[in-house]
């Protein structure tokens, strides 16, 4: 596609439920990133993929969070046993590769609300 | 930690010039990005600096001093549509891809 797309745009769930957030990167981009942004804050890094493998998952807050990218394109961020503190906008970005000069292009985000 | 500091809010007048500053820890520095983010929208790329000096791109310019751990974004001929948050982000380390973002500077442009 022309840009990074994310679905759903909004997700409301109840505490304790499981959610999946999807990211479709720019075609041909091998690097994919997940960030989380709370109100009034900058994006906070969660995980990044180079191809199918997670090259750095040091930003995942705990083991309730997991992400996959099985075919090196679409990625899914999975959150188990959601908590109210997980409420945020989850942003996905992609770049051609993970070289130091490469620009990351962001999707519109998924706004997750945990009641 | 790798703190990225920028002012929380700024106000400027339509047609004027505004400078948004960003300071960061220099150890391991490997590039600095500026993004614009309108409320409820995704960050959009504005500029990239990795060497000292000024990068000019139309009404927007970005400056970097690596020795001082300092950058600024300069916006000229301000327009109402420039009201947005401006995010400073730094890449650290060798081949790691992730960016460390500041909290953003909310710019309000008034008539």
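We did not get these values from a lab; they are worked out from the coordinates using the rules stated. Remember, it's a predicted structure, so these values are computed and weren't measured experimentally. Counting neighbours? That spans all protein chains shown, and the Cβs are built from the backbone with ideal geometry, glycine included.
Could you go through region B:88-101 and let me know if any residue there is over 14 Å from residue B:46 (Cα atoms), crowded, with 20+ Cβ neighbours inside 10 Å and more than 17 Å from the chain's Cα centre (by Cα). Yes, region B:88-101 contains at least one residue that is over 14 Å from residue B:46 (Cα atoms), crowded, with 20+ Cβ neighbours inside 10 Å and more than 17 Å from the chain's Cα centre (by Cα).
Determine whether region A:58-66 contains at least one residue that is assigned to a loop (DSSP other than H, G, I, E, B), surrounded by 15 or more Cβ atoms within 10 Å (Cβ to Cβ) and free of Cβ contacts under 8 Å to residues at least 40 places away in the same chain. Scanning region A:58-66 turns up at least one residue that is assigned to a loop (DSSP other than H, G, I, E, B), surrounded by 15 or more Cβ atoms within 10 Å (Cβ to Cβ) and free of Cβ contacts under 8 Å to residues at least 40 places away in the same chain.
When residue A:42 is tested against (1) within 13 Å of the chain's Cα centre (by Cα); (2) buried (at least 18 other Cβ atoms within 10 Å of the Cβ), only condition (1) is not met.
Any residue in region B:74-81 that is within 14 Å of chain A (Cβ to nearest Cβ) and either free of Cβ contacts under 8 Å to residues at least 40 places away in the same chain or surrounded by 14 or more Cβ atoms within 10 Å (Cβ to Cβ) (or both)?
Keep residues of region B:74-81 that are within 14 Å of chain A (Cβ to nearest Cβ), which gives none.
Within region B:74-81, none of the residues are within 14 Å of chain A (Cβ to nearest Cβ) and either free of Cβ contacts under 8 Å to residues at least 40 places away in the same chain or surrounded by 14 or more Cβ atoms within 10 Å (Cβ to Cβ) (or both).
Residues that are in contact (Cβ under 8 Å) with a residue 40 or more places away in the chain and either over 25 Å from residue A:44 (Cα atoms) or more than 14 Å from chain A (Cβ to nearest Cβ) (or both) within region B:39-67 comprise just one, B:67. If only residues of region A:26-39 that are more than 7 Å from chain B (Cβ to nearest Cβ) and part of a strand (DSSP E or B) are counted, the one that is surrounded by the most Cβ atoms within 10 Å (Cβ to Cβ) is A:32. How many of the residues in region A:2-24 are under 24 Å from residue B:39 (Cβ atoms) and not in a strand (DSSP E or B)? Within region A:2-24, residues that are under 24 Å from residue B:39 (Cβ atoms) and not in a strand (DSSP E or B) number 5.
Here residue B:68 passes the criteria (1) farther than 22 Å from residue B:9 by Cβ; (2) in a loop (DSSP other than H, G, I, E, B); (3) under 13 Å from the mean Cα position of the chain (by Cα) except the one numbered (3).
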